[in-house]
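Undergrad: Please read through the structure below; I'll follow up with questions.
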Amino acid sequence: MAYQNLLTENREGILIITINRPDKLNALNGQTLSEIQDVMHDVVKDDSVKAAIITGSGNKAFVAGADISGFQGMDKTSGSNLAKVGQNVLFQIENCPKPIVAAVNGFALGGGCEMAMACHFRLASENAKFGQPEVNLGLIPGYGGTQRLIQLIGKGKAMELMMTADMIGAQEALQLGMVNYVTTSDDLLPKTIELLKKIMSKSPFAISRVIDCVNKYFEPGNDGFRFEYDQFGACCETEDFKEGTSAFLEKRKANFTGK
Ligand code: COA
């Protein structure tokens, strides 16, 4: 599919999705959000895509937030609708059964920080900066930031970042557990691809169950332990399970199909 604000490249099964509005620091306008929705549908249904990376165009920004130029004149109804649409797009990323990793290559602010947090995990280049600066605009995070930042870094620090609007650098994000690795700008995509290749050598069915079980933890009212044992059982019905256990016993590398 051709996109106006996204670049996509399928590199050996890894779809590299680049938000491409560099002159606006890749800010998320309505068109971009709707294209992310479309590309996430493709990631799920396209068998040639095994995993995806989300990154930003240029070396200055991952995504500098929702597009503020569309904010003026927003009222209660249109504001909460905008946030709901953004949240739904990020739920699509979070709940994608294939691994989605953010390669944060610069500013990840507001909706950009929220989008990175919706990915299954994050890597950052040394120049990355994270923040939820919405209070500077008289707003609060609206794409799930108040919820996911607490999950990643705990209540105290999340409160501080959202109340001060301060940005933190890549090293502090690493210390806080927001990102898993910090690399040079040049190493960011190669390191992300290396990690995804390792993940892609495992059972795709089991990986999708890991994603689902982990996400269940954060859904109120769910018994994650029960869900886990059910999913463990579901794995036992798969060809991947037979292949994985046979390969171990036969001392060979498993060849998983995801079935
Ligand atoms: N929405 C719309 N446009 C944005 C944007 C956003 N969130 N963030 C940056 N841009 C635009 C700027 O308006 C500017 O456009 P212009 O050249 O047409 O004037 C361009 O991107 C470059 O940004 P600029 O501010 O000139 O770069 P900088 O290096 O001086 O500052 C930031 C970088 C990220 C610190 C600054 O752009 C910023 O604070 N952006 C807003 C971040 C934010 O509040 N995000 C949360 C939104 S809810």
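Undergrad: Quick one: net charge around K45, please, counting Lys, Arg +1 and Asp, Glu -1 for every other residue with C-beta under 12 Å from its C-beta.
TA: -3
Undergrad: Let me ask you something else. Could you order peptides 121-128, 223-230, 180-187 by the average number of other Cβ atoms within 10 Å of their residues, highest first?
TA: Ranking the peptides 121-128, 223-230, 180-187 by packing returns 121-128, 180-187, 223-230.
Undergrad: Please give the helix 30-45 orientation as an angle from the longest Cα principal axis of the chain, in degrees from 0 to 90, rounded to the nearest 10.
TA: For helix 30-45, the angle is close to 0 degrees.
Undergrad: With charges set only on the Cβ (+1 for Lys and Arg, -1 for Asp and Glu), what does the dipole of region 6-200 come to about its Cα centre, in debye to the nearest 20? Let's see the in-between values first.
TA: Numbers: 17 positive and 20 negative charges, 67 e Å.
Here region 6-200 has a charge dipole of around 320 debye.
Undergrad: Then there is this: Taking the simple approach of a point 7 Å from Cα along Cα-to-Cβ for both A165 and K197, what is their distance in nm?
TA: Modelled inter-label distance: 4.4 nm.
Undergrad: Over region 204-249, with every protein chain in place, what whole percent of the accessible area is carbon and sulfur at 1.4 Å, could you tell me?
TA: Of the solvent-accessible surface of region 204-249, carbon and sulfur hold 63 percent.
Undergrad: Please determine, in degrees from 0 to 90 and to the nearest 10, the orientation of helix 239-249 with respect to the longest principal axis defined by the Cα atoms of the chain, where the helix direction is its Cα long axis.
TA: Approximately 60 degrees, to the nearest 10.
Undergrad: Another question, then. What is the extension gain from V85 to Q37, computed as 0.36 nm multiplied by their sequence separation minus the C-alpha to C-alpha distance, in nm to one decimal?
TA: Residue separation times 0.36 nm, minus the Cα-Cα distance, leaves 16.3 nm.
Undergrad: Going highest first, how would you order 138-148, 210-220 by mean Cβ packing within 10 Å?
TA: 138-148, 210-220
Undergrad: Report, as a whole number in µm² per second, the diffusion coefficient that Stokes-Einstein gives for region 170-216 at 25 °C and 0.890 mPa s using the Kirkwood radius over alpha carbon pairs.
TA: Value of D from the Cα-based Kirkwood radius: 197 µm²/s.
Undergrad: For region 1-43, just the Cα atoms, rotate onto the principal axes and tell me the three extents in Å, largest first.
TA: 30, 18, 13
Undergrad: Let me ask something else about it. Could you bin all the Cα-Cα distances of the chain into 5 Å bins starting at 0 and give me the percent of pairs in each, rounded to whole numbers?
TA: It works out to 1, 6, 13, 17, 18, 17, 12, 8, 5, 2, 1, 0, 0, 0, in whole percents.
Undergrad: May I pose another question? Which whole-number percent of Cα pairs in region 62-150 have a distance greater than 17 Å?
TA: 47 percent
Undergrad: Could you work out which residue, out of Q87, Q37, Q175, moves most in a Gaussian network model of the chain, that is, has the largest mean-square fluctuation with Cα springs under 10 Å?
TA: Of Q87, Q37, Q175, the Gaussian network model singles out Q175 as fluctuating most.
The values are calculated or read from the model by the stated rules, or taken from the named source; none is laboratory data. Quantities reported herein were computed from a predicted structural model and do not represent experimental measurements. Glycine gets a Cβ as well: all are built from the backbone with ideal geometry, and neighbour counts include every protein chain shown. Keep in mind that these areas ignore ligands, DNA and RNA; they rest on the heavy atoms of the full protein, side chains included. Shrake-Rupley method; radii C 1.70, N 1.55, O 1.52, S 1.80 Å.
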